[in-house]
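Worksheet: the structure to be examined is printed underneath.
What follows draws every value from the coordinates through simple rules; no lab data is involved. Just so we're clear, the structure is a prediction, and the values are computed from it rather than from any experiment. Virtual Cβ from ideal backbone geometry, glycine too; neighbours counted across all protein chains shown.
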Amino acid sequence: MAQDGHKEHPKYMNIFWWLLALTIIEVAVAIPDYATLLKAILLIGLACAKAILVANYFMHLKFEKKTLAIIVITPFLICVLLVFALMPDLTSDTRHEGIEKPAEVVDTSAH
């Protein structure tokens with residue numbers, strides 16, 4: 001117990017430090033220039049870890065029934081699947097082929 005009579009929540013502070021550490025790792029992963037696919041996989045993995053920590057401890061899903069967990073996990077898995085399904089389109093450099101640059105506009109009002 002704290003001195004003012006309120007209960008301390010050391011678990012919440014532990015989760016805060018884990019979230020801070022994961023955020024620092026995310027920034028460290030995002031800064032260097034290397035393969036986009038590898039960077040995306042690492043960032044998605046770190047974001048998933050942070051989401052699980054928040055859901056388990058701050059949303060108290062750790063103590064919920066399995067049915068509620070399935071309701072929460074299903075859209076999350078669909079979202080992750082969608083990101084990986086779209087990854088080839090998002091990382092492809094060939095998606096810009098065949099697109100012409102617009103012609104330059106010549107200002108004829110100067111004469």
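Number of Lys-Lys pairs in the range 10-89 under 27 Å by Cα, sequence gap 8 or more or different chains?
Working: LYS11/LYS50; LYS11/LYS62; LYS11/LYS65; LYS11/LYS66; LYS39/LYS50; LYS50/LYS62; LYS50/LYS65; LYS50/LYS66.
So the count works out to 8.
Remark: the LEU22-MET59 segment gains 11.5 nm on full extension, using 0.36 nm per residue and subtracting the alpha carbon distance. Computed from label points 7 Å out along Cα-Cβ, the spacing between CYS48 and LYS11 is 2.4 nm.
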